[in-house]
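Notes follow the structure.
What follows draws every value from the coordinates through simple rules; no lab data is involved. Everything numeric in this text was worked out from a predicted model, so none of it was measured. Heads up, the Cβs are rebuilt from the backbone with ideal geometry, glycines too, and the neighbour counts pull from every protein chain shown.
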There are 2 protein chains.
Amino acid sequence: MAKMTTLSDELAGQEPGERLRPTMRDVAALAGVSLKTVSRVINAEPAVSAELLTRVQRAIDQLDYRPNLTASSLRRNDGKTATVGLVLEDLANPYSAAVTRAVEDAARPRRVTVVAGSVDEDPDRERALVREFVARRVDGLIVAPTASDQSYMIGDRRAGTVLVFVDRPPKHLDADVIVAANRDGAMDGVRHLLAGGHRRIAFLGDLSTISTASERYGGYLEALERAGLPVDDTIVRRDLRSVGAAQAAVEELLHLTVPPTAIFAAQNVLGIGAFAALRGQRRQFDVALVGFDDFPLADLLDPGVTVVAQDPVAIGRLAAETLFRRLDGDRSPSTVQVVPTRLIVRGSGEIAPPVD
Amino acid sequence: MAKMTTLSDELAGQEPGERLRPTMRDVAALAGVSLKTVSRVINAEPAVSAELLTRVQRAIDQLDYRPNLTASSLRRNDGKTATVGLVLEDLANPYSAAVTRAVEDAARPRRVTVVAGSVDEDPDRERALVREFVARRVDGLIVAPTASDQSYMIGDRRAGTVLVFVDRPPKHLDADVIVAANRDGAMDGVRHLLAGGHRRIAFLGDLSTISTASERYGGYLEALERAGLPVDDTIVRRDLRSVGAAQAAVEELLHLTVPPTAIFAAQNVLGIGAFAALRGQRRQFDVALVGFDDFPLADLLDPGVTVVAQDPVAIGRLAAETLFRRLDGDRSPSTVQVVPTRLIVRGSGEIAPPVD
DNA sequence: TTGAAAGCGCTAACAA
DNA sequence: TTGTTAGCGCTTTCAA
């Protein structure tokens, strides 16, 4: 007990009104027990007598003691921090936000905390966030990969950090991944338009280097092929990166000599841009539109926008569950989980082609 | 050097293929220098000779060493973890998501990481999240308060945790807060309708116990009063908690003997519900609507929805800046920062009352 | 049931 | 410029 300083000793030199946080030692001193007894109380270990327990409890309340989880996890044998890191596209977009929330909900019962960051399609930022989260010793990472190579994480995985990927598979790294059924979903959307009688269906796509974008394009091609239709490159617009780009592309398409009678917009933002363009030209009731990725209020637009909806909540939940299963010791081979899409019919996709 | 174990010593008993993370000691041993020299290199302290620097760098690369920030911050004098905790309503809703993103952006240049959680209007959850984040020794907390009393955080603030509140002021606790101009914004919205000639303006409001909701109601009352109009309680619907509730309320209002000619929906979700109801009754071009809180795609609806927009990005940015200023030692009295709202005219709010 | 001593990975303070 | 020693707040190990 000789080495123990009291709280009031430590107060010297503090900012006015500021008080050092009491430690377990302070609690132990006040309760007149050893450090280890306090530790036992905090961790609800059974072997503590009723009397010491109340004495310790009282000291904890009196000092307003808060356990220090970082110190605890540093010393613990398993070294786990009860933290998962989320490396997503943009925490402000509805997709990333839904994934984050789903992971949070899956993590809560395990008392695991979520740290999150936005990559904004910047590979350097992806690496920086991974580094940062690893430096904080997260138990696992859920990553929507942007960089062209994820092999830089191999060392971290070997050191015990669990890696789960969402949205796109990692490259040069074998790990669990949860993806939407991009190809099948796109096929569904295009076949829906084909079933409605359309034969001239434009395609709007995101950056071709993004795997989800190229898979959706693949689905478009396959749907046309199965219908015995040729691909007309003049109505295929890829590498579109914004609402504005999609809007401009659709305006162009509408002015072609033989314009498309339907549009398949293979991404969230592009669907919105396409709708805006159609509405701007007052053609929203003439030209059919199916989007990939649902968006808020798609049902309140006029016409409601028919979409192939992803399920980001399911993706986030599965990612978290997979991560926790690995943390619990599952060493089976890595898996690819494909979350099905769902066609939501709202009007825009059911517009018939003009009879000529 | 005698006490040093090597990495291979530690490998015994590891999972197959799993390897313990190398520590500074391992790096020091491999580079043939002292622990402190490695620490100097990691922290980019200047006093290291070029030769040792390269030797250490090489060892770091060879071992794929990753610094442990939790250990570092435990030992550091300031005890700072370079982490801020966000306790928000629901990370999946656009408002919380925008705040989160803005905080992330403000935190990035300081290499501060964001941990976040959703409260879902549950006071117990608010307390649990605060406890959890404090246990992780976040440097500061940004909280959108839900509980009826925030005095439980006083001890944490005294212990040095910086507290900043957003959206609503804390109760029984004096701290910095960033809020939207709820009262003035609501007044603006209602006055816009009054200026358009409306004399019978319905009010839709969230739970009256929420301070933002009651302030917006106050703005509505004041606007009417200044215009010399009485308040008609039959067209005031408060305590609405969902899209559906707002929708039902509007449907009722439309069936009154003397229905309102305009609706002021004092919250995001309620504005959406009101629009859905008007559209469902095909009255969206007859009855004027102004909402509080912008929402995605409000401009693409028909008519576009006129709103009093909050600025969650500014709120998040100001909250983070205020938090960091406090961390940097600012001890001035706590402040209330009011972020102005902005009326965005899109059509629904400019519908004229019927001439009778 | 309780406690003393050691040490998790790192930085502070000081010495060489 | 480099290294040694102590110790951040906690858990582990082992002894009483």
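Measuring from a point 7 Å out along Cα→Cβ, what nm distances, shortest first, does residue A:282 have to its partners in the other copies?
2.0
Exposure proxy check: B:209, A:70 ranked by fewest other beta carbons within 10 Å? List each step's numbers first, then the result.
On the way: B:209 9, A:70 22.
In order of increasing Cβ crowding within 10 Å: B:209, A:70.
Any idea what log10 I(q)/I(0) is at q = 0.10, 0.13, 0.26 Å⁻¹ for the stretch A:25-109, Debye with uniform C-alpha scatterers and no solvent?
-0.43, -0.61, -1.21
Taking the alpha carbon gyration tensor of the stretch B:275-356, what are the square roots of 5 times its eigenvalues, largest first, to the nearest whole Å? Intermediate results must be reported in sequence, preceding the final value.
Values: eigenvalues 314, 31, 14 Å².
Square roots of five times the eigenvalues give 40, 12, 8 Å.
Could you work out the Kirkwood radius for chain B, taking every pair of different alpha carbons, averaging 1/r and inverting it, reported in Å?
Values: mean 1/r = 0.0423 Å⁻¹.
Value: 23.6 Å, from the Cα pair sum.
For a protection proxy built on the mean count of beta-carbon atoms within 10 angstrom, sort B:115-125, A:260-270 highest first, please. Please report the intermediate quantities before stating the final value.
Working: B:115-125: 18.4, A:260-270: 26.4.
Those peptides, ordered most packed to least, come out A:260-270, B:115-125.
So which of A:171/B:80; A:80/B:171; A:80/B:80 end up more than 28 Å apart, counting from Cα to Cα? Don't skip to the end; give the middle numbers.
Working: A:171/B:80 36 Å; A:80/B:171 36 Å; A:80/B:80 20 Å.
As for pairs spanning more than 28 Å Cα to Cα, those are A:171/B:80; A:80/B:171.
Taking amide H positions as placed in the peptide plane 1.01 Å from N, state which residues far from residue A:339 in sequence (5 or more) or on other chains have amide H under 5 Å from it.
A:179, A:180, A:181
If Lys and Arg each add +1 and Asp and Glu each add -1, what is the summed charge of the other residues whose beta carbon sits under 12 Å from the beta carbon of residue A:122?
Values: positive: A:125, A:127, B:108; negative: A:89, A:90, A:120, A:121, A:124, A:126.
Residues near residue A:122 contribute -3 overall.
Explain nothing, just the number: relative contact order of the stretch A:286-356, from Cα pairs under 8 Å at least 6 residues apart, as a whole percent.
Working: 86 pairs, mean separation 35.7, N = 71.
The value is 50 percent.
If you plug each phi of the stretch B:278-292 into the Karplus form 6.51 cos²θ - 1.76 cosθ + 1.60 with θ = phi - 60°, what whole-Hz ³J(HN,Hα) values come out, in order, with x for Gly and Pro?
Along the stretch B:278-292, the couplings run 4, 5, x, 8, 6, 10, 5, 9, 9, 9, 6, 9, 10, x, 9 Hz.
Could you work out how far apart the two model spin labels at residue B:209 and residue B:256 are, taking each label as a point 7 Å from the Cα in the direction of the beta carbon, and quote it in nm?
2.7
Compute the projected area of the convex hull of the Cα atoms of the stretch A:214-324, averaged over all viewing directions, and report it in nm² to one decimal place.
Numbers: hull surface 33.1 nm².
Taking the Cα atoms of the stretch A:214-324, their convex hull projects to 8.3 nm² on average.
Within the set of other residues whose C-beta is less than 12 Å from the C-beta of residue B:103, count the net charge using Lys and Arg as +1 and Asp and Glu as -1.
Details: positive: B:101, B:108, B:110, B:317; negative: B:104, B:105, B:321.
Taking every Cβ under 12 Å from that of residue B:103, the sum is +1.
Tell me, A:20, B:193 in order of fewest to most beta-carbon neighbours within 10 Å? Provide the component values of the computation, followed by the final result.
Details: A:20 17, B:193 26.
Placing the least packed residue first, the sequence is A:20, B:193.
If you average the C-alpha positions of the stretch A:189-205 and of the stretch B:153-169 separately, how far apart do those two centres end up, in angstrom?
When both Cα centres are located, 55 Å separates them.
Need the C-alpha centroid separation for the stretch A:247-276 versus the stretch A:15-65, integer Å.
If you average the Cα positions of each part, the centres end up 66 Å apart.
Please work out how much length the chain gains when fully extended from residue B:74 to residue B:36, using 0.36 nm per residue of separation minus the C-alpha to C-alpha distance, in nm with one decimal.
So the chain would gain 12.0 nm between residue B:74 and residue B:36.
If you rank A:104, B:215, A:225, A:252 by fewest surrounding Cβ atoms within 10 Å, what's the result? Show your work: numbers first, answer last.
Values: A:104 23, B:215 20, A:225 11, A:252 15.
Placing the least packed residue first, the sequence is A:225, A:252, B:215, A:104.
Could you estimate the translational diffusion coefficient of the protein assembly as shown from the Stokes-Einstein equation, with Rh from the Kirkwood formula over C-alpha pairs, at 10 °C and 1.306 mPa s, in whole µm²/s? Show your work: numbers first, answer last.
On the way: Rh = 28.5 Å.
Answer from the Stokes-Einstein relation: 56 µm²/s.
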